[in-house]
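Peer 1: Mind looking over this structure? Questions follow.
Throughout, read-outs are computed from the coordinates displayed, never taken from laboratory work. If you're wondering where the values come from, they're calculated on a predicted model, not measured in any experiment. When we count neighbours, we look across all protein chains shown, and the Cβ atoms used for this are built from the backbone with ideal geometry, even at glycine.
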Amino acid sequence: MPNLKNQAALKDLTEKFKSMKGMIMTEYHGLSVEQISDLRNQLRKSGCEYLVVKNTLSKIALKEIGMESANEYFEGPTAIVVEGDDPVSPAKIVSEFAKKNEKLVIKAGILDGKVIALNEIKALASLPTKEVLIGKMLGSMNAPISNFVGVLSAVTRNFVCVLNAIKEQKEKAA
């Protein structure tokens, strides 16, 4: 029977796993406290957490939510990125951090209840952020309306130019 501290940690971890949109499992062995704190701060800005977890508790929590397929990645020193609403931002942050710090190793991830490999995390990191995609979509939705307004104003502008040309022509003739 686990002690009370581990029971509380297991309950907290299970709740985090249930509410998460995604997770990235990393190996942090060899990173300094400063480097881990820097990564945590970067992730916190995007609404994510970076947690060093006990492998045994993580495996039990994954079993409780039906994700036993990710158990194989909880070997050795493991830390996880628990993602909020946007899975792209944390993937970008962790990938960039791993490029700068070779000691951070991305093992795998979970997205929408499915285990994803390293290459899928890198593909996810190459996508634009949610805000950029929304901006592009709104811009493309706004384009037809803007073009229509431009066409309508061009008709009036051309009409005014024609009237002005007629006025100038009559002034020269007079």
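Peer 1: What residue among G135, G109, G84 shows peak mean-square fluctuation when the chain is described by a Gaussian network model with Cα springs under 10 Å?
Peer 2: Ranking G135, G109, G84 by mean-square fluctuation puts G135 first.
Peer 1: Which ³J(HN,Hα) values, rounded to whole Hz and listed in residue order, are derived for the stretch 159-174 from phi using the Karplus coefficients 6.51, -1.76 and 1.60 in 6.51 cos²θ - 1.76 cosθ + 1.60 with θ = phi - 60°, glycine and proline given as x?
Peer 2: 5, 5, 5, 5, 4, 5, 5, 5, 4, 5, 5, 5, 5, 5, 6, 7
Peer 1: Can you put V132, V53 in order of Cβ neighbours within 10 angstrom, beginning with the fewest? Present the calculation step by step, with values, prior to reporting the outcome.
Peer 2: Details: V132 11, V53 19.
By the 10 Å Cβ count, ascending, the order reads V132, V53.
Peer 1: Tabulate in residue order the Karplus-calculated ³J(HN,Hα) for the stretch 122-137, using 6.51 cos²θ - 1.76 cosθ + 1.60 with θ = phi - 60°, rounded to whole Hz; enter x for Gly and Pro.
Peer 2: Coupling constants for the stretch 122-137: 5, 5, 5, 5, 7, 6, x, 5, 4, 5, 5, 4, 5, x, 5, 5 Hz.
Peer 1: Can you give the convex hull volume of the alpha carbon atoms of the stretch 28-174 per residue, in Å³?
Peer 2: Numbers: hull volume 24.5 nm³, N = 147.
In the stretch 28-174, the Cα convex hull volume per residue is 167 Å³.
Peer 1: I would also like to ask the following. From the phi of every residue in the stretch 78-90, what ³J(HN,Hα) in whole Hz does the Karplus formula 6.51 cos²θ - 1.76 cosθ + 1.60 yield, where θ is phi - 60° and glycine or proline is x?
Peer 2: With the stated coefficients, the stretch 78-90 comes to 10, 10, 10, 9, 8, 8, x, 7, 9, x, 6, 4, x Hz.
Peer 1: Report the extension gain between A117 and L133 in nm, rounded to one decimal, defined as 0.36 nm multiplied by the number of residues separating them, less their alpha carbon distance.
Peer 2: Working: separation 16, 0.36 × 16 = 5.76 nm, distance 2.37 nm.
Stretched out fully, the A117 to L133 stretch lengthens by 3.4 nm.
Peer 1: Determine, at each q value in 0.11, 0.13 (inverse angstroms), the log₁₀ of I(q)/I(0) that the Debye formula gives when each Cα of the stretch 1-110 is one equal point scatterer.
Peer 2: Those come out to -0.32, -0.45, one per q.
Peer 1: Could you state the number of Å between the C-alpha centres of the stretch 50-87 and the stretch 97-132?
Peer 2: Taking the Cα centre of the stretch 50-87 as reference, the centre of the stretch 97-132 is 15 Å away.
Peer 1: Additional query: By counting other Cβ atoms within 10 Å of each Cβ, how are M141, M25, M20 ranked from fewest to most?
Peer 2: Numbers: M141 9, M25 23, M20 20.
Ranking M141, M25, M20 by Cβ neighbours within 10 Å, fewest first, gives M141, M20, M25.
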